[in-house]
Amino acid sequence: MNKNTIIGIVLMIALFVGYSFYQSYEIEKQQEILKEKAQKEQAARAERIAEAEAERLLEEQMTEEQRHERDSIANVEKMNAEVYHHGSTLYAATTGVSQPETLSNEFMSVTFDNLGGKIADVTLKNYTRYEEGERDELVKLMVPNSAKMGIALHRKGETLNTGDYYFTPSIEILEDRSIVTMHLDVEQDGWVEYVYTLYNTGEASRDYLVDFTIRQHNIEALLSDNEITLGWSNRSMQNERSFQNEAMATTIEYSEGGDVDELEASGEREEIEELNWIAFKQQYFSSAFIAAQNFKAAMSFKSAKNNTSGFVKEFDATISIPYTEGVEQYDFAFYYGPNDYRIMKRVEFMGEKANLQDIIPMGGVLIGWWNKFITIPIFHWLSNHGLGFGVIILILTLFVKVVILPLTYKSYMSTAKMRAIRPEIEAINQKFPNPDDAMKKQQATMELYQKVGISPMGGCLPLLIQMPILWAMFRFFPASIELRGESFLWADDLSTYDSVVELPFNIPFYGDHISLFALLMTLSLFGYSFITYKQQAATTAGQPGAGMMKFMMVYFMPLMMLCVMNSFSSGLCYYYFLSQIFTMIIMFAIRRSVDDEKVREKLLSHKPRKKSRFQERYEEALKQQQDQMTINREMRRQKRH
């Protein structure tokens, strides 16, 4: 053993011994700290016990008069602290009795509460909730135990809220309206009033609207940042059968300079300026705050953890209204009602359209026009003639199929033409079997298409043109309040899923029930996919990936749609089922009327047209790419040699 090894061993032993002593010291130090802490806690506990015992002995020695005097002094001190906190005027409004007053019109009943001067309850008379298979409870848009509203007041460095005080109410009943005034004195010469006007005109777009006016006098010293800050919050109750679908549709929407958007689902509070209105939107109903002037708001919502909570989302908004010196009245309105396009588009406030109908998801600018100008008018026109919605969907499906019939025919003919020139395509494949000649094969194929007059996009474009209509229907049915509560065959409610079997377990990606309309839709999609693939098989036989394409198109896609649609609107599944059935009938009729041999003769006798500039540029690009590939192959060959 050399000297370096011995030194290393000694150092290791020294480090180990030193670390052991250090560890022992730290343990002893920690034990001392814990012991000292325990002694202090024990001493404090003994002190508290001694104080409690002393208070008990003092209590026993005190006379009844002494106890009364002590309690009186404590109450006075507490009251003085409260008066200092609220101010002498507001302190008088901290106590009182809640006096809810309910007023009604043809469409809803509204409860006003003097505690906070708020709207505490809104019940819609013509709509019921789905609960345990029944619809016997009316829909509530504002719920007393969660509805809050109040103006923030700032006094002596603390924030007060008018929602915590008792207002003085007064009600005036007129022929076509009821006016509720809530008055609150906040300073010796300062006050706030809420004035609500509930109309009874028989016109839904007017009567679902509650005018709301804030009047104030001499409270500018209590405002922060020269703004009137109004807090507004509420819970949305679960009103529909599918908690998942309702939760996805429930959010906060807002109109910013006329453009409608919705709050992100991140749960973070978001502040938006230049707002026209904000809405606590549910799947089929909304509570909206509308302003005559632009305002800003900080908004957020929280989702319920599961469907046993009884509610879907908790909404909260802090609305900041610019305060103008000398202006004592600020006008707003609340819309409490259904997401009904016919009603919302007629809602006006201060003589201008509110454009609340933009809350309803129609599919955006590209496809929304179809729902606004075609689907909804057809729905309403047919329903006004007494037809059931199952029949209406049938007629609508037929109408859509008639509209897109030329596209369907063109798409089929494109497939027929491709089948007709299959021998020529196979000849090109045999002529260029080498993968390195892929560009030559493609160029030859394009020349064949040009010669016989076939557009490679002829089959795709008609399908692409149909997609917006299919997407419009997909957006319309889950958002259509017209279908809500409407039954057809075994479906009790076309706006939600039809459950013919409730499973005792949950299947991932599928659910805990079997929707018969979704199952029928899947079978019809399988039939349509199978027939379509069979027609196209002649043009895809022998191509790479043909087997995978068949699996994806014929089997996987219907199965995926079954999982997706099982919890969707039965009305939508019914529409897709009819759409596939009608499409197969139309395709069968077209196939019977088209002679493939005549199609081939016509193609082969086709006189080629002059190439378009696009074709010329495309062929030139193919030629350049082919030349480059030839150069690359030659360079690789030279490197190998």
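With label points built 7 Å along Cα→Cβ from the Cα atoms of Trp490 and Asn306, find their separation and express it in nm.
2.9 nm
Which value, in Å to one decimal place, does the Kirkwood hydrodynamic radius take for segment 338-407 when every pair of different Cα atoms is included? All intermediate terms of the calculation are to be shown ahead of the outcome.
Values: mean 1/r = 0.0729 Å⁻¹.
Its Kirkwood hydrodynamic radius stands at 13.7 Å.
Return the distance in nm (one decimal) between the two label points of a simple spin-label model at Asp331 and Gln39, each offset 7 Å from Cα along Cα→Cβ.
Spacing of the two 7 Å Cα→Cβ label points: 7.7 nm.
Based on the Cβ-Cβ distance of Ile179 and Glu271, what FRET efficiency does E = 1/(1 + (r/R0)^6) give at R0 = 25 Å, to the nearest 0.05?
On the way: r = 33 Å, r/R0 = 1.34.
Plugging the Cβ-Cβ distance into 1/(1 + (r/R0)^6) gives 0.15.
Sort Cys573, Cys563 from largest to smallest accessible area, using a 1.4 Å probe on the heavy atoms of the protein chains.
Of Cys573, Cys563, the descending order of accessible area is Cys563, Cys573.
For segment 270-347, what proportion of DSSP beta bridges, expressed in % and rounded to the nearest 5, is antiparallel? The partial results should precede the final answer.
Numbers: 24 of 24 bridges.
Looking only at bridges with both residues in segment 270-347, the antiparallel portion is about 100 percent.
What net charge is computed for the residues neighbouring Ile214, neighbours being all others with C-beta under 11 Å from the C-beta of Ile214, Lys and Arg scored +1, Asp and Glu -1?
Numbers: positive: Arg215; negative: Glu193, Glu328, Asp331.
The answer is -2.
In segment 243-287, what percent of the accessible surface is made up of carbon and sulfur (1.4 Å probe, ligands and nucleic acids excluded)? Show your work: numbers first, answer last.
Details: 760 of 2020 Å².
The nonpolar share, carbon plus sulfur, comes to 38 percent.
Among rounded, prolate and oblate, which fits segment 165-205 when a ≥ b ≥ c are the square roots of the eigenvalues of its C-alpha gyration tensor, a/c under 1.5 means rounded, and a/b larger than b/c means prolate? Can you show the working numbers first?
Details: a/c = 3.93, a/b = 3.03, b/c = 1.29.
Prolate, since a/c reaches 1.5 and a/b exceeds b/c.
Working with all protein chains in place, sort Trp191, Trp370 by solvent-accessible area computed with a 1.4 Å probe, largest first. Don't jump to the answer; show the numbers that get you there.
Details: Trp191 60, Trp370 10 Å².
Of Trp191, Trp370, the descending order of accessible area is Trp191, Trp370.
If you take the beta carbon distance between Ala52 and Thr89 as r and set R0 to 35 Å, what does 1/(1 + (r/R0)^6) give as a FRET efficiency, to the nearest 0.05?
After rounding, the FRET efficiency stands at 0.30.
Please compute the alpha carbon radius of gyration of segment 99-164, then divide it by the globular-protein estimate 2.2 N^0.38 Å. Two decimals is fine.
Details: Rg = 15.7 Å, N = 66, 2.2 N^0.38 = 10.8 Å.
Cα Rg divided by the expected 2.2 N^0.38 Å: 1.46.
Once R0 is set to 25 Å, what does the formula 1/(1 + (r/R0)^6) return for the Cβ-Cβ distance between Glu220 and Ser170, expressed as a FRET efficiency to the nearest 0.05?
E(calc), rounded to 0.05, equals 0.50.
Could you calculate the contour length gain from Leu366 to Arg591, that is, 0.36 nm times the residue separation minus the distance between their Cα atoms, to one decimal place in nm? Don't skip to the end; give the middle numbers.
Working: separation 225, 0.36 × 225 = 81.00 nm, distance 3.25 nm.
Here the segment from Leu366 to Arg591 would lengthen by 77.8 nm.
The values are calculated or read from the model by the stated rules, or taken from the named source; none is laboratory data. Keep in mind it's a predicted model, so treat the numbers as computed, not measured. When we count neighbours, we look across all protein chains shown, and the Cβ atoms used for this are built from the backbone with ideal geometry, even at glycine. In case anyone asks, the SASA skips ligands and DNA or RNA and just uses the protein heavy atoms, side chains included. Shrake-Rupley method; radii C 1.70, N 1.55, O 1.52, S 1.80 Å.
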